Amino acid sequence: QVQLVESGGGLVQAGGSLRLSCAASERTFSNSGMGWFRQAPGKEREFVAAITWSPGNTYYADSVKGRFTISRDNAKNTVYLQMNSLKPEDTAVYYCAAAPTATMIRDNYNIHYWGKGTLVTVSS
């Protein structure tokens, strides 16, 4: 069964850091673009970051460039999102996503699989 399972969310003060993880089944992960979206209360889901299968090229939303880093461990079928210098406006449910390519994730097109999300709350 296809699964994307996120973990690592929680409550953090502004300026702090969190690392999200997304564990995937091998069939979901292999040769797939992977990425992260987020949805804040009352807002639409938005793209955060994406990474290619190999060589791991990355894409970021302007709002997180320089603060967030996406990476993947293909041996562990896991993708990570390191979030530094967190701001209250980063508060959202963060969703892991898989698609045939990372650019599809960047463009929110043809997303094949979604995780159930993990909540990140940044207090001021």
Calculated P(r) of the chain - Cα pairs past 19 Å, %:
39 percent
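To the nearest 0.05, how large is the calculated FRET efficiency for Ser123 and Arg27 if R₀ is 35 Å and r is the Cβ-Cβ distance? Can you show the working numbers first?
Details: r = 39 Å, r/R0 = 1.10.
In this case the efficiency is close to 0.35.
I need the semi-axes of the equivalent ellipsoid of segment 13-61: take the C-alpha gyration tensor, multiply each eigenvalue by 5, square-root it, list largest first in whole angstrom.
Its equivalent ellipsoid spans semi-axes of 23, 14, 12 Å.
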Simple SL model, points at 7 angstrom along Cα→Cβ for Asn110 and Ala75; separation in nm is 3.1 nm
Run the simple label-point estimate for Ser17 and Asn84 please: 7 Å along Cα→C-beta, distance reported in nm.
0.6 nm
Reduced to Cα centres, the span from segment 2-24 to segment 55-122 in Å works out to 10 Å
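Values quoted throughout were computed directly from the atomic coordinates according to the rules given, and no laboratory measurement underlies them. These figures come from a predicted structure and were not determined experimentally. Backbone-built Cβ (ideal geometry, glycine too); neighbour counts: all protein chains shown.
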